[in-house]
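Okay, so here's the structure we're looking at.
Every number here is computed from the coordinates shown, using simple stated rules; none is lab data. Just so it is clear, the model here is predicted, and its values are computed rather than measured. Counting neighbours? That spans all protein chains shown, and the Cβs are built from the backbone with ideal geometry, glycine included.
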């Protein structure tokens, strides 16, 4: 089973707000993570094509080791497949439209988020797509066919752009339309295909899950940022309280040394002094 993306790209739009990427008819400037994702996908496709004759029956050579295969519990538990299946594609049209979407929509997100955050987001959308497909197979809703393709990840990118850059215009089946309209149409198509168990229902499951993952990631960004700040604040409060208690204990120990002498210290008190010394040394290096 392959995942076949919808036909989309970008065209020039009206002037953008100062914080949004400007859309032009020219080729986009490739960002590092997008560039390497494109290279790896193309190289894997070429290797897969050249080795496709190694096996006479069943999945192609690379798919045997790297595709998502929920028919086998043992293979399903090989968690690396949740990543590697995203780099395999069924035919030229499959990889072409996936990479076309990544080529045009990936750079604006990576420019906004940075390479590391974008790469984690991209792969995570694909992982969620794979997990949702496995879930539907486990509950008996879909047949356990092999899953390959980057569509879940790419549609997660499209959804993120639809939320963050609503002024974008994409081509959907050769017709230009606002990116948010295209995203809604993709959701409807995927939902209907899954519920009717139509052709490529498993692929559409990954599409829908990738869309959901992309939307959740972007829409929950403020909440996640607030949680991170709250956690950091709690850690800082604990650090300050620990430092305060250490100073109180050191003052008590030093008074004891002054009154009774160094020999009066217990092993625990000596360890506390050593700890305080290391703490002060580390602070002096900052």
* What's the exposure ranking of 207, 94, 258, going from fewest to most Cβ atoms within 10 Å? -> 258, 94, 207
* Can you pull the one-decimal nm distance between simple spin-label points at residue 280 and residue 42, each 7 Å off the Cα toward Cβ? => 6.2
* To do: Would you mind ranking 133, 85, 217 by Cβ crowding within 10 Å, fewest neighbours first?
  => 217, 85, 133
* Asked: Which of these, 126, 214, 140, has the largest mean-square fluctuation under a Gaussian network model of the chain (Cα springs below 10 Å)?
  -> 140
* Structure fact -> log10 I(q)/I(0) for the stretch 170-286, Debye formula on C-alpha points only (no solvent), q = 0.12 Å⁻¹, two decimals, reads -0.66
* May I ask for the angle, rounded to the nearest 10°, between helix 32-50 and the longest principal axis of the chain, with both axes built from Cα atoms and the value confined to 0 to 90°? => 50
* On Cα atoms only, tilt of 92-113 relative to the major axis of the chain in degrees -> 30
* Compare 276, 201, 150 in a GNM of the chain, Cα atoms joined below 10 Å, and give the one with the largest fluctuation. => 276
* **Along principal axes, Cα extents of the stretch 109-250, largest first, whole Å** => 72, 40, 21
* To do: Mind sorting 227, 99, 185, 147 by how few other Cβ atoms lie within 10 Å of their own Cβ, fewest first?
  => 227, 185, 99, 147
* Structure fact -> With a Förster distance of 35 angstrom and the Cβ-Cβ distance between residue 257 and residue 236, calculated FRET efficiency to the nearest 0.05 equals 0.65
* Asked: Hey, any idea what Rg/Rh is for the chain, computing Rh the Kirkwood way over Cα pairs?
  -> 1.21
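One quarter of the convex hull surface, Cα atoms only: what value does that give for the stretch 226-285 in nm²?
5.0
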* For helix 179-195, what angle does its Cα long axis make with the longest principal axis of the chain, in degrees from 0 to 90 and rounded to 10? -> 80
* To do: Return the single residue from 225, 84, 31 with maximal mean-square fluctuation; model: Gaussian network over the chain, springs between Cα atoms under 10 Å.
  => 225
* So, in nm, how far is label residue 245 from label residue 163 when the simple model puts each one 7 Å beyond its Cα toward the Cβ? -> 4.0
* **Length added when fully stretched, residue 264-residue 83, from 0.36 nm per residue minus Cα-Cα** => 59.0 nm
* Would you mind computing, in nm to one decimal, how far apart the modelled labels at residue 141 and residue 199 are, each placed 7 Å from Cα along Cα→Cβ? => 2.3
